[in-house]
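First up is the structure itself, then whatever we jot down about it.
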Amino acid sequence: MATTRPPRTPHHTTTAYLFLLISHNTAALTLTPLVIASGLLTLLWIGLPFIILTALTLRTIANAQRTTLTHLLHKPLPPPYRPLPPTGIIPRVRIILTDPATWRDLLWLTTSPLLITLALIPTLLLAHATYQTLYALLLWHTHPLYDTFTATTQTQALTALIPATLLTITATLLTPHTTHAYTHLSQLILAPSEKARLTARVAHLATSRADTIDTQAAEIRRIERDLHDGAQARLVALGMHLAMTEQIIETDPTTARTMLAEARETTRHALTELRDLVRGIHPPVLVERGLDGAVQALALTHPLPITVTTHLPGRPADPVESATYFAIAELLTNTAKHSGATHARIHINHGRQRLITTVTDNGHGGAHPTPESGLNGIARRLDAFDGTMNITSPPGGPTIITLEIPCALSSPKTSPSSATAS
């Protein structure tokens, strides 16, 4: 069974990330006097606010280090901290001091000199090699007294080049090892412990479960409201209409026929509303044609021209298909209402046991979720499947929204499909 390796980071990008990591360590070291002062002042009770200030500042720097390590190692490194109470100095200090992540941050702070030295060893070797090379070139072109080249200066220049070459080779060979040691030691210190990881997972599942229950309850209320205000009201009116028709069918056949025609029209409207309600729960096209066909049908009815490309060697589970379909429909609605876009693109594929959907538009950008926005509702819907939503929407556009849901596929197909709707 083939294993999936994380993508390799380009060398120049790795160097940039490495210097960024070193800057985090350096910034953390500047907090050392404040950390010591806060610890000493705590004995007099006047250092409690300083503990909160120091801890929050150190957490900000440590989280920046975690974010950079995540980009460099392609492994998520989430913040492991316990949530702080919104008010109260003593409760907040108590949570900070009893949080294992606080002591991990302090360990990272104390090891920062070692980490910086470890990362800078190849740089220092290259700097000395550069100095030796410049010295050799100076000897090669200049004699101290007569400004001429002699055998003595040639020997000295060659002698200076030997250690420069050795230092360059040593620095080149050491760089990947010191970088690996630096990043993985930092990761070992800053990564959440297994207990913290399990605690965060349980909290996430509890929140996800509560959100799912709330979403399902809201959906049931919507269905009940639509039935009560729509099809149910029409069917009640239909029953009353037929009862009146039954009473006058012998005495006034002409009026009875008119009332029967009205009843037939009421039946048609009720059936239309029931079909729309069923489509809102689980569209029939999703059952018949799968996610790719349903999204293409959705794009054909959209006012914007939308390009749909799919690469699904099979079908996801029904709940995943439904959640993805309605998320795409909500995103397209937002695009038409708020983005000012003239074109949108949907790409759906499956890889690494994840269904990945990307919705892109050429609008003016600036999309961001708010507590009451549709984007937040999509995130909550995906959260029930342990899925994620990533939004990239700079001012001026474009807006790129990526949805990822862990899932397996079944019913393999032979070829991908694509379509353009306008």
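The values are calculated or read from the model by the stated rules, or taken from the named source; none is laboratory data. This one's a predicted model, so the numbers in the text were calculated from it and none came from an experiment. Ideal geometry is used to build each Cβ from the backbone, glycine not excepted, and the neighbour counts take in all protein chains shown. Ligands, DNA and RNA are excluded from the accessible area calculation, which covers all protein heavy atoms including side chains. Shrake-Rupley method; radii C 1.70, N 1.55, O 1.52, S 1.80 Å.
Observations, loosely collected:
- Residues in region 281-320 that are of a type in the set (Val, Ile, Thr), part of a helix (DSSP H, G or I), at pLDDT below 85 and within 30 Å of Thr342 (Cβ to Cβ): Val285 only.
- Residue in region 308-315 that is crowded, with 21+ Cβ neighbours inside 10 Å and closer than 22 Å to Pro369 by Cβ present: no
- Conditions (1) open to solvent by 20 Å² or more (accessible area, probe 1.4 Å); (2) outside any strand (DSSP E or B); (3) of a type outside the set (Ser, Thr, Tyr): number failed by Asn349: (2)
- In region 22-29, the condition of being touching a Phe, Trp or Tyr at 6+ places or on another chain (Cβ under 8 Å) and open to solvent by 20 Å² or more (accessible area, probe 1.4 Å) is met by no residue.
- Those residues of region 362-395 which are within 23 Å of Val320 (Cα to Cα), open to solvent by less than 60 Å² (accessible area, probe 1.4 Å) and hydroxyl-bearing (Ser, Thr, Tyr), in sequence order: Ser373
- Residue in region 321-332 that is open to solvent by 20 Å² or more (accessible area, probe 1.4 Å), part of a strand (DSSP E or B) and modelled with pLDDT of 85 or more present: no
- Test for Thr67: is it surrounded by fewer than 19 Cβ atoms within 10 Å (Cβ to Cβ) and among the β-branched types (Val, Ile, Thr): yes
- Residue count for region 84-113, restricted to those that are free of Cβ contacts under 8 Å to residues at least 60 places away in the same chain, under 26 Å from Glu194 (Cα atoms) and not β-branched (Val, Ile, Thr): 8
- Matching residues in region 7-60 - criterion: being at pLDDT 80 or above and basic (Lys, Arg): Arg59
- Test: residue in region 37-51 that is under 33 Å from the mean Cα position of the chain (by Cα), β-branched (Val, Ile, Thr), assigned to a helix (DSSP H, G or I) and within 30 Å of Ala164 (Cβ to Cβ): no
- Qualifying residue in region 405-417 (condition: modelled with pLDDT under 85 and in contact with a helix residue (DSSP H, G or I) (Cβ under 7 Å, 6 or more places away or on another chain)): yes
- Restricting attention to region 362-388, the residues that are touching a residue at least 40 places away in the same chain (Cβ under 8 Å) and outside any loop (DSSP other than H, G, I, E, B) total 8.
- Among the residues making up region 73-97, those that are in contact with a Ser or Thr (Cβ under 9 Å, 6 or more places away or on another chain) and part of a loop (DSSP other than H, G, I, E, B) are His74, Pro76, Leu77, Pro78, Pro80, Tyr81, Arg82.
- Just one residue in the set Leu138, Leu198, Leu174 is part of a helix (DSSP H, G or I) and modelled with pLDDT of 80 or more; that residue is Leu174.
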